[in-house]
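Taking it in order: structure first as structure tokens, then the write-up.
Only the coordinates and a few stated rules stand behind these numbers; no lab work does. None of these values were measured; they are calculated from a predicted model. Cβ: placed from backbone, ideal geometry, glycine included. Neighbour counts: every protein chain shown.
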Amino acid sequence: MATDLTISVEDRPGGLASVGEALGNAGINIEGVCGHGMEGRGIIHVCVHDGAAARQALEAAGINVEGEADAILGEAVPGADQPGTMGPMARGVADAGINVRNVYLATNSRVVMVTDDNAKLMGLMANMM
């Protein structure tokens, strides 16, 4: 399973670069990333395969890792670049009673999801294929 790390940096030029440099220098690939500025802080989510190594590299670079969660890094989503793809997928997750805590796109049209029931989501995804 992949890991979603929640990172907090100062909301200024270079915050995102420092995250990329710390992980790149440690040989850790970023599978997916999203971020936003809020109240003087940059909140960045990165999806990686080795959460422990990524956390270690970030903290060694003086970067604050505020959270870590198991994440589902899905396969490429057919039609991800077409209108109307997300709605039915999200509706299926909602109808299964799964609460999505974090979602963002990863490389190669894959989706990263952190939910309140990752096992149930994995079952749902298996039945969609």
So, by mean Cβ neighbours within 10 angstrom, what's the order for 92-98, 107-113 with the highest one leading? 107-113, 92-98
Rg in Å to one decimal, and Dmax rounded to a whole Å, for segment 72-128 via C-alpha atoms: 10.7, 28
Per residue of the chain, what 222 nm ellipticity follows from adding -39500 (n - 2.57) for every DSSP H run with n ≥ 4, rounded to the nearest 500? -9500 deg cm²/dmol
Would you work out the relative contact order for segment 72-128, in percent, from Cα pairs under 8 angstrom that are 6 or more residues apart? 40 percent
Counting GluC sites (Glu not before Pro) as exposed when in a DSSP loop with at most 14 other beta carbons within 10 Å, what is the longest stretch of the chain free of them? 76-129
Lys, Arg +1 and Asp, Glu -1 on Cβ, resulting dipole of segment 2-70 about Cα centre, debye, nearest 20: 180 debye
Relative contact order, percent, of the chain when contacts are C-alpha pairs under 8 Å separated by at least 6 residues? 28 percent
